[in-house]
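Below is the structure I would like to discuss, written out as structure tokens.
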């Protein structure tokens, strides 16, 4: 994938912010700040799924959860309305944080706005880059975060989440999901949810 100096500098700044995450995750014997690891996984999955991704899409993938820990889920009501408010607030926060970094790096306003559109998930199913970002988000969730999620929740809730995830994906994304290195248990749940 082609990269520019600005892109690499933006990644560096995004990663520096995400290294401040007090939450950690173990992966392959190493401890990472949670959102830094997520950002790396997003970039790696985007590189595989869409090797010709636009610069705006590459940037949005890398900063999709930037400083997410600063707006914790438990600061909103523990119901669907609280969840949706939290998600909306996060989208705006990620977009604003990313735009500050991108301005410092020297990106033009039109590209910064494009990254904001992607981070706020505008025009899903209509904008190709927004859809690709959503596919990559879903693929990263399924590969790395679905199993721990499924262990914490009853099967009916897990299947409901899988169905919602599946509906947000393109056919290309769905096909990629079925080829992920998932456990037999995860594949069984996915097939039960969507087939």
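Assuming residue 111 fulfils every condition listed in (1) crowded, with 16+ Cβ neighbours inside 10 Å; (2) more than 13 Å from residue 65 (Cα to Cα) apart from one, which condition is it?
Result: residue 111 passes all but (1).
Okay, next question. Let me confirm something: among 102, 124, 111, 118, which residue is touching a residue at least 12 places away in the same chain (Cβ under 8 Å), part of a helix (DSSP H, G or I) and under 16 Å from the mean Cα position of the chain (by Cα)?
118
Which of the helices (runs of 4 or more DSSP H) found entirely inside the stretch 1-80 contain at least 1 residues meeting this: surrounded by fewer than 18 Cβ atoms within 10 Å (Cβ to Cβ) and over 17 Å from the mean Cα position of the chain (by Cα)?
Fully inside the stretch 1-80 and qualifying: 5-18.
Assuming residue 28 fulfils every condition listed in (1) touching a helix residue (DSSP H, G or I) at 6+ places or on another chain (Cβ under 9 Å); (2) at pLDDT below 95 apart from one, which condition is it?
Of everything listed in (1) touching a helix residue (DSSP H, G or I) at 6+ places or on another chain (Cβ under 9 Å); (2) at pLDDT below 95, residue 28 misses just condition (1).
Determine whether residue 148 is farther than 24 Å from residue 125 by Cβ and within 17 Å of the chain's Cα centre (by Cα).
yes
The values are calculated or read from the model by the stated rules, or taken from the named source; none is laboratory data. Treat the numbers as computed from the prediction; the structure is a model and nothing was measured. All Cβ positions, glycine included, derive from the backbone under ideal geometry; neighbour counts span all protein chains shown.
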